[in-house]
Amino acid sequence: MESRITDIHEDLIEGCRRKEHKAQMKLYGLYYKAMYNTCLRIVRNETEAEDIMQESFLSAFENISSYNGSVSFGSWLKRIVINRSLDYMKKNSPVMVEAGENLNTLPDNDDSEEPEFIIEQAQAIKSAISALPDGYRIILSLNLLEGYDHEEISFILNITQSTSRSQLARAKKRLIEIMKSVN
């Protein structure tokens, strides 16, 4: 028997089950920024991310009866957003790059606590992540930014856990190489 999570937005979810527009708008307002950012990290196109996010919400509201509370609503919705984003990527960029490289350690960073330095470093990392091949960027984003473990990533991407681990290691190595080349 599956255990059910009591969601803090249970009243809104119930309203969505009754197709109440106000409940849908409130749930949308609570989750749209996070879901948009999740989508944008995968598809790297603002317009497409917006479209995919909107379609994901429509799908979630149409299929709300399948939400059984075994995970939080946010996790359930994020899975829809990620799956739709990955579907988009498969249609528009079907190749996940494999590279036979070993993982190096991260480069030494300046210990400066200056806000400008931190902002510059964050922008450089964001730019470097964006420069990664799609397969690397997606696995890196799912693991480091979205917090999925290799078991979850393997399920989402329909790959083995060892492939997830090796792709993540290669993505990190490539990210380090990109960061070194700009510094």
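The values are calculated or read from the model by the stated rules, or taken from the named source; none is laboratory data. Predicted model, so just to flag it, every value in this text is computed and none were measured. In this analysis, Cβ positions are derived from the backbone assuming ideal geometry, glycine residues included, and neighbour counts consider all displayed protein chains.
Brief remarks on what is shown
- Picking from residues in segment 139-156 that are among the aliphatic types (A, V, I, L, M) and surrounded by 20 or more Cβ atoms within 10 Å (Cβ to Cβ), the one that is farthest from Thr38 (Cα to Cα) is Ile153.
- Scanning segment 44-78 for residues that are modelled with pLDDT under 90, part of a helix (DSSP H, G or I) and surrounded by 15 or more Cβ atoms within 10 Å (Cβ to Cβ) returns Phe73, Gly74.
- Test: residue in segment 81-93 that is touching an Asp or Glu at 6+ places or on another chain (Cβ under 7 Å), surrounded by 16 or more Cβ atoms within 10 Å (Cβ to Cβ) and modelled with pLDDT under 75: no
- The combined condition, being surrounded by 14 or more Cβ atoms within 10 Å (Cβ to Cβ) and in a helix (DSSP H, G or I), is fulfilled by Lys26.
- Residue that is farthest from Gly74 (Cα to Cα), among those in segment 137-183 that are in contact (Cβ under 8 Å) with a residue 12 or more places away in the chain and outside any helix (DSSP H, G or I): Asn183
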